[in-house]
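Working notes, structure below.
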Amino acid sequence: MANTTFDGTTFQASIVKITSRGTESTVAMLSGNLFGEGVAFDQSGNLFFMAVDQINLVGTIYKITPDGVISTFGNVTSGGGGIAFDSAGNLFAGSGDQIIYKFTPDGARSVFVGPSAFTDDAQPAGPAFDSLGNLFVGTESGCPPAEPDSILKFTPDGVETTFATDLTLPRGLAFDRSGNLFVTELLCDTAGSDILEFRPDGTRRVFAVVSGQTNSGPEFLAFQRGP
């Protein structure tokens, strides 16, 4: 599966595979009126996909084996804010009720951090792990005049610090091999969005500006695994 992209489509309840040459194929079609909220692979090559029901807002995590067998792995109670695996194979999932859930490889669910980790109506989004096993998540409060958003850092045992502040809807987080954190930011009051780069010491720069319509732009990003 090298040089291949997997994409969870919104509203269509489908997983699309895109090769490095741009060839598309459908990996799975899920029943229901679902909203895609993140994809991630485990160490065995199984694809996990979070989808949120637009009626009851329950977020379901599906597991898809390399040969296409689909099963329900777990769920979150309200909406969804992306998924990510740690190095031990545990799956972490953001939920709209200000909870980050931890799922062991066999599907047992526990609360990693709860509402006390987040301010007001901020919700976790775009979880990503650094090479030391620290979990980084964006907080989403909405467009201004909502409070500015942040990126929070959680150690493996749940100790929280604020890594960055004064952001707007930081939804997609990903680390490069040098430990730099890249973040998609949706700029509500302008056309398009930007991608920020944060060095390990927290200094930031605008890596790219993405043009487009107001309230539109990339929401997630990932780095291709190289040799």
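The values are calculated or read from the model by the stated rules, or taken from the named source; none is laboratory data. Keep in mind that this is a model prediction, so the values were computed, not measured. A quick note on method: Cβ atoms are made from the backbone with ideal geometry, for glycine too, and the neighbour counts reach across all protein chains shown.
Quick notes
- The set of residues in the stretch 146-192 being under 18 Å from residue 38 (Cβ atoms), among the basic types (Lys, Arg) and at pLDDT 90 or above is empty.
- Criterion violated by residue 152 - all others in (1) closer than 13 Å to residue 200 by Cα; (2) touching a residue at least 24 places away in the same chain (Cβ under 8 Å); (3) in a strand (DSSP E or B); (4) in contact with an Asp or Glu (Cβ under 8 Å, 6 or more places away or on another chain) satisfied: (1)
- Those residues of the stretch 169-196 which are buried (at least 21 other Cβ atoms within 10 Å of the Cβ), hydroxyl-bearing (Ser, Thr, Tyr) and not in a strand (DSSP E or B), in sequence order: none
- Only one of the numbered conditions (1) over 16 Å from the mean Cα position of the chain (by Cα); (2) surrounded by 15 or more Cβ atoms within 10 Å (Cβ to Cβ); (3) within 14 Å of residue 39 (Cα to Cα) is violated by residue 93, and that is (1).
- Residues (in contact with a Ser or Thr (Cβ under 8 Å, 6 or more places away or on another chain), assigned to a loop (DSSP other than H, G, I, E, B) and either at pLDDT 95 or above or surrounded by 22 or more Cβ atoms within 10 Å (Cβ to Cβ) (or both)) located in the stretch 58-88: 80, 81
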